[in-house]
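Here's the structure we're looking at; comments come further down.
The values are calculated or read from the model by the stated rules, or taken from the named source; none is laboratory data. Bear in mind that the values here come from a model prediction, so they are computed numbers and not experimental data. Here the Cβ is made from the backbone with ideal geometry for all residues, glycine too, and neighbour counts use every protein chain on show. To get the accessible areas, we keep the full protein, side chains included, count just its heavy atoms, and leave off ligands, DNA and RNA. Shrake-Rupley method; radii C 1.70, N 1.55, O 1.52, S 1.80 Å.
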Amino acid sequence: MKLLTSSAMALALLANTAAAEGELVIYHWFEYIPAELLEKFTAETGITVTMDTFDSNEAMLASLKAGGMGTYDVAVPTDYMVSIMAGEGLLDTIADGELANKGNIAPEWADPSFDPGRAHSIPYQWGSTSFAVNTDDYDGDINTTDLLFNPPAELSGKINMLDSQGEVLAMASIHMGIPQCSTDRDELQALNDMLQEAKTHWASFNSDTAREVLVSGDVSVGMIFDGFSAKAREDRASITYAFPTQGYVVWMDSVVLLNDAPNRDSAIAFMDFMLEPENIAAVSNYARYGLGVTGAEEYLDPELATLPESNPPETAGEGSFIAVCDEQTQAVYDQIWTNLKN
Amino acid sequence: MAGGAASGGSAASDTYKEARHWLLMPSWLVLGFFVFAPVCVMVIYSFLTKEFRGGVIWEPTLAAYDQFFFDRGLFGDSDPTLQWTYIEIFWRSIWQAGLATIMSLLIGFPTAYFIATRPDGTRALWVFLITIPYWVNLLIRTVSMKFLLRDEGPMNDALLNIGLIGEPLQIINTNLAVQLGLFYSYLPFMVLPIYASIERYNFTMSEAAADLYATKFTTLRRIVLPAVKPGVIAGCILVFVPSLGAFLAPDLLGGAKNFMIGSLIEEQFKGNAGNWPFGAAASMILLSMVLVLLLIFAQQQRRAGAAT
């Protein structure tokens, strides 16, 4: 059924965009780009934009592999998914000199581990994944992953986890101090056992409503992205983002150039557009995340610079990207996740 | 998916005898394209080798079914034992769907009876009222349920204010919330077929039973229920089958802590696992179960038909 619907959708899209000049088809997260910015792009370049949205990296990959290639020009995967897509041969290479604004990329994001030399991608937004605590319900130290995996009795049953294997297992590995993609059997068994025990304290797995369950008071602790947490704080002032001493997850979403892009020139034009400091700053002002372009400071909402959610305290542990495991190791992590969700 | 789509009218006139096959073509095409072809794709995929991170390799294997029935430990190299994980998931889904069906029946039957016994002119209005909430998208209705049930939601607030309870009832993220969600999602599917049956029921038979000194309960049990049984069974199937594969209610109301069949299958396609053949195999097993259920029902209907 899934196959059928995706290919039908792909066909419908193809019919709309086939070989037309001056069009662009974006595959993007939902609620992640201000509509005015797309209108501005169309006004400047004359290129009309069609956008489809997805709600997880894995769903996007599945849809692209089920016949979506050749439909979209650009997509916006997260760091680890950029390397997976490159490994799957889904990404086109941006030739040297093709992007006029490539020099605008901030030096620290110009050669990331997930896309060496930025051969396929440009920075979009970056931030962290950790958890937020409603400090009305808990007044102890919040900067420890114990609140998720070994919570005090008063928080038991008041915890929401993201419904996302990558983030939960990465956070759990950070909590235990073991490397991601470990192949050590004792470590993996311990990770599995720890999660089984921790689950007895969890209320739910929810990603789409990660912000809302905190604001509504359904839970007192919730795994969440930093920008989402900042928005939650606007609705309920007691919601505080934690930077655990053990460490936390960092991520960067990047705009990638897809293979078989029907409008490759439009895609390049769009990437150049998103590298303009003023434009990418508009995304940050909207989504409350960091950007990876130099010279954007003057366009940024001044409040962003001092957001507690994007300024880790001294005590914060190290931030790490989600690692990409090989097939055999991944199978064990998949099994741990299935055990957890059963 | 229920049978009866290809019911040839044996008693129909012979006027169109020659052209009958041609006239039936559109239905066959629709059935073939929207039912037969997708099921074929699913059957084929369930016997293919999974590709890492979604997709399939065109090599036949039983690996997907093996994974369903045999447990080889965390690292995949222990001696195979019977896999309880997925059996538990299926059992949990059947249990949840069953309870939701019973709830729907308990509320739906009196409702249908009530509507069917209203005066002629007003029945349509009652049916209309029943359907109003269902003009809204299922997702939105499920999210609304979540708002209603939550710890700091209006239902708990109201009960606290009346003083019926001392602290909020913890309903959200429990199995009860899932059952309530399923019950609410599919209630009209129970009410409408039962209503259709009761409306055709000849109430003079109830009067006759009363004249013969049958109590009201006996009348209901021995006269009304047998007469409207097909509607009740149809209603139960229409609630049970979609509940079995539901994933919105378990995810949103149950907290997604325990897989139901629907979420398990969804995870194979949209989730990290990306195991399409396993998703197809689980769907096939679910489909077979539902098919057996419907066959039993059809058999009963036929026997009932033969008896009258």
Check: Looking only at residues in segment A:229-239 that are within 23 Å of A:Ile322 (Cβ to Cβ) and buried (at least 23 other Cβ atoms within 10 Å of the Cβ), which one is farthest from the other protein chains (Cβ to nearest Cβ)?
Finding: A:Ala230
Margin query: On the basis of being closer than 20 Å to A:Ala203 by Cβ, within 24 Å of the chain's Cα centre (by Cα) and open to solvent by 20 Å² or more (accessible area, probe 1.4 Å), does B:Leu180 make the cut?
Written below: yes
Item checked: Residue count for segment A:19-75, restricted to those that are more than 13 Å from A:Val255 (Cβ to Cβ), hydroxyl-bearing (Ser, Thr, Tyr) and away from every other protein chain (no Cβ under 14 Å) -> 5
Margin query: Looking for something closer than 25 Å to A:Leu195 by Cβ, open to solvent by less than 30 Å² (accessible area, probe 1.4 Å) and not small (Gly, Ala, Ser) - is there at least one such residue anywhere in segment A:117-125?
Written below: no
Next item on the list: Within segment B:258-277, identify whether any single residue is open to solvent by 20 Å² or more (accessible area, probe 1.4 Å), in contact (Cβ under 8 Å) with a residue 40 or more places away in the chain, within 19 Å of the chain's Cα centre (by Cα) and more than 11 Å from chain A (Cβ to nearest Cβ), and answer yes or no.
Entry: no
Notebook entry, point to check: Of the residues that make up segment A:135-145, is at least one surrounded by fewer than 20 Cβ atoms within 10 Å (Cβ to Cβ), within 14 Å of chain B (Cβ to nearest Cβ) and in contact (Cβ under 8 Å) with a residue 12 or more places away in the chain?
Noted result: yes
Note to self: Could you go through segment A:33-43 and let me know if any residue there is touching a residue at least 12 places away in the same chain (Cβ under 8 Å), closer than 13 Å to A:Pro262 by Cβ and surrounded by fewer than 23 Cβ atoms within 10 Å (Cβ to Cβ).
What the structure shows: no
Next item on the list: Would you check if there is a residue in segment A:321-341 being closer than 20 Å to A:Ala170 by Cβ, away from chain B (no Cβ under 14 Å) and open to solvent by less than 40 Å² (accessible area, probe 1.4 Å)?
Entry: no
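A quick yes/no check of all residues on (1) part of a helix (DSSP H, G or I); (2) outside the structural domain of A:Asp272 (by TED's automatic domain parsing); (3) surrounded by fewer than 24 Cβ atoms within 10 Å (Cβ to Cβ); (4) modelled with pLDDT of 95 or more:
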| site | (1), (2), (3), (4) |
| --- | --- |
| A:Val49 | no, no, yes, yes |
| A:Thr53 | no, no, yes, no |
| A:Met60 | yes, no, no, no |
| A:Ser63 | yes, no, no, no |
| A:Ala66 | yes, no, yes, no |
| A:Gly70 | no, no, yes, no |
| A:Val82 | yes, no, no, yes |
Note to self: When you check A:Ala296 against the structure, is it within 14 Å of another protein chain (Cβ to nearest Cβ), of a type in the set (A, V, I, L, M) and either within 30 Å of A:Trp202 (Cα to Cα) or out of contact with any strand residue (DSSP E or B) (no Cβ under 8 Å at 6 or more places or on another chain) (or both), yes or no?
What the structure shows: no
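For every residue, the table says whether it meets (1) over 30 Å from A:Leu258 (Cβ atoms); (2) among the aliphatic types (A, V, I, L, M).
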| residue | (1), (2) |
| --- | --- |
| A:Asp111 | no, no |
| A:Arg118 | no, no |
| A:Phe149 | yes, no |
| A:Leu155 | yes, yes |
Notebook entry, point to check: Filter segment A:195-225 for residues that are open to solvent by 10 Å² or more (accessible area, probe 1.4 Å) and more than 13 Å from chain B (Cβ to nearest Cβ); which is modelled with the highest pLDDT?
Noted result: A:Glu197
Margin query: With the structure loaded, tell me whether B:Leu139 is within 13 Å of chain A (Cβ to nearest Cβ), in contact (Cβ under 8 Å) with a residue 60 or more places away in the chain, under 28 Å from the mean Cα position of the chain (by Cα) and crowded, with 17+ Cβ neighbours inside 10 Å or whether it fails that test.
Written below: no
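Here's the yes/no breakdown for (1) open to solvent by less than 10 Å² (accessible area, probe 1.4 Å); (2) in a helix (DSSP H, G or I); (3) under 19 Å from A:Ala323 (Cα atoms):
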site	(1), (2), (3)
A:Ala172	yes, yes, yes
A:His175	no, yes, yes
A:Ser182	yes, no, yes
A:Glu187	no, yes, yes
A:Gln246	no, no, yes
Next item on the list: Scan segment A:146-170 residue by residue and report those that are in contact (Cβ under 8 Å) with a residue 40 or more places away in the chain and not in a helix (DSSP H, G or I).
Entry: A:Asn150, A:Pro151, A:Ser156, A:Gly157, A:Lys158, A:Ile159, A:Asn160, A:Met161, A:Leu162, A:Asp163, A:Ser164
Notebook entry, point to check: Failed condition for B:Phe70, given (1) within 14 Å of another protein chain (Cβ to nearest Cβ); (2) open to solvent by less than 70 Å² (accessible area, probe 1.4 Å); (3) touching a strand residue (DSSP E or B) at 6+ places or on another chain (Cβ under 8 Å); (4) modelled with pLDDT of 90 or more, with all others met?
Noted result: (2)
Notebook entry, point to check: How many of the residues in segment B:31-63 are away from chain A (no Cβ under 14 Å) and either in contact with a helix residue (DSSP H, G or I) (Cβ under 8 Å, 6 or more places away or on another chain) or over 21 Å from B:Val290 (Cα atoms) (or both)?
Noted result: 6
Next item on the list: Scan A:Leu162, A:Leu188 and give me the residue that is at pLDDT 95 or above and within 14 Å of chain B (Cβ to nearest Cβ).
Entry: A:Leu188
Margin query: Tell me the residue from B:Ile94, B:Ile171, B:Ile130 that is assigned to a loop (DSSP other than H, G, I, E, B), on the phi < 0 side of the Ramachandran plot and open to solvent by less than 70 Å² (accessible area, probe 1.4 Å), please.
Written below: B:Ile171
Check: Being out of contact with any Pro (no Cβ under 8 Å at 6 or more places or on another chain), of a type in the set (Asp, Glu) and more than 19 Å from A:Phe54 (Cβ to Cβ), is that true of even one residue in segment A:245-265?
Finding: yes
Next item on the list: Tally the residues that are small (Gly, Ala, Ser) and more than 21 Å from A:Ser164 (Cβ to Cβ), restricting the search to segment A:26-61.
Entry: 3
